[in-house]
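Beneath this line is the structure, given in C-alpha cells, with notes to follow.
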Amino acid sequence: MQIISAIADLRSALKNRGRVVFVPTMGNLHAGHISLMEQARTHGDTVVASIFVNRLQFGPNEDFDKYPRTFQADCDRLEAAGVDLLFAPTESDLYPEPQAYTVEPPAIQNILDGEFRPGHFRGVATVVLKLFNCVQPQAALFGKKDYQQLMVIRNMTRQLALPIDIIGGETVRAEDGLALSSRNGYLSTAERAEAPRLYRLLKGIRTAIRAGRSDIEKLETEALAELATAGWKSDYVAVRQQSDLSPPTGENAPLVALAASRLGSTRLIDNIEI
Ligand code: PAF
C-alpha cells in the first residue's frame, strides 16, 4: 500500500489507475471502516482510503484534541484489507492557508445532529469536497451510521454535479447491537454494557411502526423517557423521512429512526431504516 501526504504526489500516483473508489476516514479504524474498504474493492479498480482528522468539523467544546490517533495500527489494517493507496495529508498539506472558502449546506445542516453541532456539516462538506478534488474518485463510500452526513454528501454531490457515485455502507454492529464507532473507546465498562440500549430502542420504534403505530411523537417521547430513566442525556430521538430527513407526512414514504444521546461524556448516534 502506497502512503502519500502531498496532493501533487497523490495526483500523479492516481494517473491511469482505472476506476478509483474512495473511502475517507478520520482514522482509528474499526471493522465498520474495514467493511467499507472491502465493499469499495467491488466497485472499482483502485481503492483509496484517507485518514485526516478534520479540525473544521469539530466544535470548540468537542473532542478534536483527544480524538484517537492510531496511525500505525490503521495502516496495518488498511494494508490487510487490500487498500491500494492511503492519502494521509497533514494539516498543512490540506489546509496550507486558513480555509476561507467553505461549503454551506442548506437547511439540513441545522436539524438533528446539526442543531446540536453547529457548523459540523459545513466542516464535513468542505473537507469532503476538498478530498474529492484531491483524489478525483469515480465512486466514494460513506457509512450509513452517519446517516445525516451521508445525506449531506449525497445532496452536495448531486447539486454540484460532481461525477462521483456515492455509496452508503451498512452499519457494522457488535454482537449486542452497538454500532461500531471510534468513540465507543471512550465508554467505561458500565457504560459499554448500557450502550446497546440505543439500538434496542430504535428497533422497538421500527417494530411499533411496522405494526401500524402512527403516533410518532409519542414513540419519540417514550424512547427519550426510557433513555433518561437509564441515565442517558439525549439530544434527540426522531423518526424522519429517509429522502430528506423531514418529519413524516403520513404518506407511505420510507422512514428512518435516528437518535443521538450521551452516556457520561460520550455522545453516541445510531439509526435504523424502517
Ligand atoms: O465520517 C467521517 O469519518 C468524517 O466525517 C469524514 C467523512 C472522513 C470527513 O472528515
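Summary of values
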quantity: Any hit, the stretch 235-256, residues being within 16 Å of the chain's Cα centre (by Cα), closer than 18 Å to LEU178 by Cα and crowded, with 20+ Cβ neighbours inside 10 Å; calculated: yes
quantity: Residue that is nearest to CYS75 (Cα to Cα) [pool: residues in the stretch 22-37 that are near the ligand (Cβ under 8 Å from one of its atoms) and in a strand (DSSP E or B)]; calculated: THR25
quantity: Of residues in the stretch 156-167 being more than 12 Å from the ligand (Cβ to nearest atom) and within 23 Å of ILE34 (Cβ to Cβ), the one surrounded by the fewest Cβ atoms within 10 Å (Cβ to Cβ); calculated: ASP165
quantity: Near pairs, Cβ below 8 angstrom, 6+ apart or cross-chain, from the stretch 135-154 (at positive phi) to any residue that is away from the ligand (no atom under 12 Å from the Cβ); calculated: GLN136/ARG11; GLN136/LEU14; GLN136/VAL20
quantity: Filter result (loosely packed, with under 15 Cβ neighbours inside 10 Å and part of a helix (DSSP H, G or I)) within the stretch 78-95; calculated: GLU79, ALA80, GLU91, SER92
quantity: Filter result (within 9 Å of the ligand (Cβ to nearest atom) and of a type in the set (D, E, K, R)) within the stretch 136-155; calculated: LYS145, ASP146
quantity: Residue in the stretch 64-77 that is within 16 Å of the ligand (Cβ to nearest atom), at pLDDT below 95, of a type in the set (Asp, Glu) and surrounded by 13 or more Cβ atoms within 10 Å (Cβ to Cβ) present; calculated: no
quantity: Residues of the stretch 96-135 satisfying the condition of being within 15 Å of the ligand (Cβ to nearest atom), of a type outside the set (A, V, I, L, M) and assigned to a helix (DSSP H, G or I); calculated: GLN109, ASP113, GLY114, HIS120, PHE121, ARG122, GLY123, THR126, LYS130, PHE132, ASN133, CYS134
quantity: Residues within the stretch 232-274 that are without any contact (Cβ under 8 Å) to a residue 40 or more places away in the chain and in contact with a helix residue (DSSP H, G or I) (Cβ under 7 Å, 6 or more places away or on another chain), tallied; calculated: 4
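The values are calculated or read from the model by the stated rules, or taken from the named source; none is laboratory data. Since this is a predicted model, take the numbers as computed values, not measurements. Please note: Cβ atoms are built from the backbone with ideal geometry, for glycine as well, and neighbour counts cover all protein chains shown.
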